[in-house]
1. One-quarter of the Cα convex hull surface for the range 633-684, in nm²?
2. Using each residue's phi in the range 196-207, evaluate 6.51 cos²θ - 1.76 cosθ + 1.60 at θ = phi - 60° and report the 3J(HN,Hα) Karplus result to the nearest Hz, with x for Gly and Pro.
3. In whole Hz and in residue order, list the ³J(HN,Hα) couplings for the range 466-471 that follow from phi through the Karplus curve 6.51 cos²θ - 1.76 cosθ + 1.60, θ = phi - 60°; x for Gly and Pro.
4. Here is the link list: Lys146/Lys262; Lys537/Lys694; Lys142/Lys261. Which ones come out longer than 32 Å on Cα distance?
5. Aspartates and glutamates near Lys66 by alpha-carbon distance under 12 Å, same-chain residues fewer than 8 away left out - which ones?
6. Determine the dipole magnitude for the range 107-183: charges of +1 sit on the beta-carbon of Lys and Arg, -1 on that of Asp and Glu, nothing else is charged, the reference point is the Cα centre, and the result goes in debye to the nearest 20.
7. Using Cα pairs closer than 8 Å and at least 6 residues apart in sequence, work out the relative contact order for the range 639-729, in percent.
8. Show me the trypsin sites (Lys or Arg not before Pro) within the range 213-243 that DSSP assigns to loop and that have at most 14 other Cβ atoms within 10 Å of their Cβ.
Amino acid sequence: VFAGLCMCLDQPSLSIQKDVLTIMANNTLNITCRGQRPLEWSWPSKQSNAERRISVTECSDGPYCKTLTLSKVIGNDTGDYKCLYRDSQAATTIYVYVQDYRSPFVTSVSDQLGIVYITKNKTVVVPCLGTVSNLNVSLHAKYPEKIFVPDGKSISWNNKKGFTIPSHLINYAGMVFCEAKIDDESYQSVIYIVAVVGYRIYDLTMNPHNEVELAVGEKLVLNCTVRTELNVGIDFKWDYPSIKEKRATIRDVKTTAGEIKKFVSTLTIDSVSLSDNGRYTCAASSGRMNMKNSSYFLIHESPFIHLEKMENVVETRLGDTVKIPVKFKGYPPPEAKWYKNGKAINANHTVKLGYALVITEATEKDAGNYTVVLTNPINKMQKRHTFTLLVNVPPQIGENALMAPVDSYKYGSTQALTCTVYAVPPPSTVLWQWQLEEECTFSPQKVRSGANPYACKKWKVISERRGGNQVEIKHRVVTIAGKTKTVSTLVIQAANVSALYRCMATNKAGSSERVISFHVTRGLEINVQPQNQLTEKDNMSLQCTADKFTFEKLSWYKLSAHVSQTPFGGLPMPVCKNLNALQKLNDTVSNTNGENVTLELILRNISLQDAGDYVCIAQDKKAKTQHCLVKHLTVQEPMAPTLVGNLENQTTNIGETIEVSCAVNGIPPPSIMWFKNNETLVEDSGIVLKDGNKTLTIRRVRKEDGGLYACLACNVLGCSKAVAYFSVEGAEEKTNLELIILVGTAVIAMFFWLLLVIILRTVKRANGGDMKTGYLSIIMDPD
């Protein structure tokens, strides 16, 4: 450590103990350097050496001593003269001015042209060094011509450095030079060409980027793209695993577009091997700015597919979005094809396919077995995996979808309250609860605001029957329209008490409930005429019948349509308590029959607005309390017949059976007629019409059954028609018919022959020998 310190401090010594030395031109410069180790000299220009004006000689008085001699010095010899040790950086320097007023600027060896490189937003130095320290120097720029003089701030001249000026002042110029005035004479430096250069690298990108996979033998192509400002030069350097083997070829190109310059260096390996596995790094340098990026190449020995562990059963909720990813490793990326229950599926607005199956707003129809088949495009290797998708459906109580019936129930009657629950998976059980009607409070104000009018807090389990009706619960599982549903029925053996009943169903997807108002009345009854489904423009009547000894003041009301359609959070509304929401109806007829009094409400030419809840209110003669019955009416809008699907042309063989259906919708239900070749088709031998003429069956088809068949469906709003052509192939089998006729003829002939023989034998017994001869003659006579 101390030896190194001594070497640093032990600098050579010069015979001239000055930092700056000034001599006149044509004189001789002599400087001696002494030290402790081998020495050498350096000087500013090799021109003097080429002219053999400079020499370095050993001193005679010591081993480590050298003398530099420069004869006939000129202005261009101005500069640093340095003596240094050969084995270290320890040196001693003296700056020598060679004053030559005929050549005040130091010139280059060529003494012709120089180049000044200008960088945007930087300060530039024009290297017009001076042989005289106190020159009055200005900078001239062309074209257009401008002159710049030192201002003591951003523009200055230094004889050792040159002329310093901001680059933006001369970046327009094609050339610059320095000029000095001595005794009214002007002296110019060499001319410098102005070269505007940039350095800024905007970005460096690799393509392909990140991890790239290849198989042995494939071609590797990697592009390194650099975007820079204009007038920038880029030097690319690559580093990659097999760089020592020199198996890669590199090609560089550059393009310019607008204010952007683009350089692209492409590395190519025609046939990769396992040794090419690893990271590939591209470095770019503009001289003042560096940037690099890399990509990783993973080289596989051969193409492959490997499935990772995946779940077999996937569950989602109705209406949710489900994503089923395929976990695998493989090269090259395999082709993915999806199948549902063995059939290929295509992407649509709700189903997206790829390395993941995405189903938005899942429905029950989306449930099933989904199989993904991955196929390697090179060696056709296949891997497959099957997912079972379960779409869990929260409980849906079918009766909730209907308008809640508010019909009252007759005292003492047996009633059944039903909750039909559909859920996937099915609920483990359906729970029933109840509470007395009087245990709930009711607020008409909440009805008007659309809020739940009930405040019920004392739900009881159905097994707690004290004060309530005698009930029995029955559960059964049924299949309706292909769906398995749980039907839970609460059987009320005798309707004695008004109450509220609630059924609740729960599964892993959610829960649902239905609240049923069970309002019991005694001595009141409502009948509807006609009893079939009502449609617009029908005439109908509602008959409210009461015991005339018990009730009086019968009247008809209708519940406000606004109130009846207001949701109550699942609780139906007891309209008998909501008298403020009732509208009195006057189109009534009253009559007395025996012990009963009937108030009939007649509605003619009904419309959709007539649908709703109708209330019959009667007053108890003794208690003066009001009792009511409610009947809900549904009115359907007439609809012209529409065919569901079309009849299809059919080809059949003689003797087979044809059956076609004419599925039609319409209100009122349309009547259906069939035609063959524009003639009305009626039931006949082999022709059967059933299901209200919806289904046509032709048995034991014959040749003449072929033709154009039409189905015509009509109701009061119009008709709809569908046609189909039936073709019958094959020939009529006449052989069997002829055989039957022939056999029948033979049987008849035989019958008559036997009959004749019997008659003759009878005659023979009666007439003895005469008959015998005659008999024989008949037998023997060939005629």
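Read-outs throughout are calculated quantities, based only on the coordinates presented, and are distinct from any laboratory measurement. For clarity, every value in this text was computed on a predicted model and none was experimentally measured. Note: ideal-geometry Cβ built from the backbone for every residue, glycine included; neighbour counts use all protein chains shown.
1. 5.7 nm²
2. 7, 10, x, 8, 6, 9, 6, 6, 9, 10, 10, 9
3. 4, x, x, 8, 6, 10
4. Exceeds cut-off: Lys146/Lys262.
5. Reachable aspartates and glutamates: Glu40, Glu58.
6. Dipole magnitude for the range 107-183 comes out near 320 debye.
7. This gives 41 percent for the range 639-729.
8. Here the sparse-neighbourhood loop sites are Lys219.
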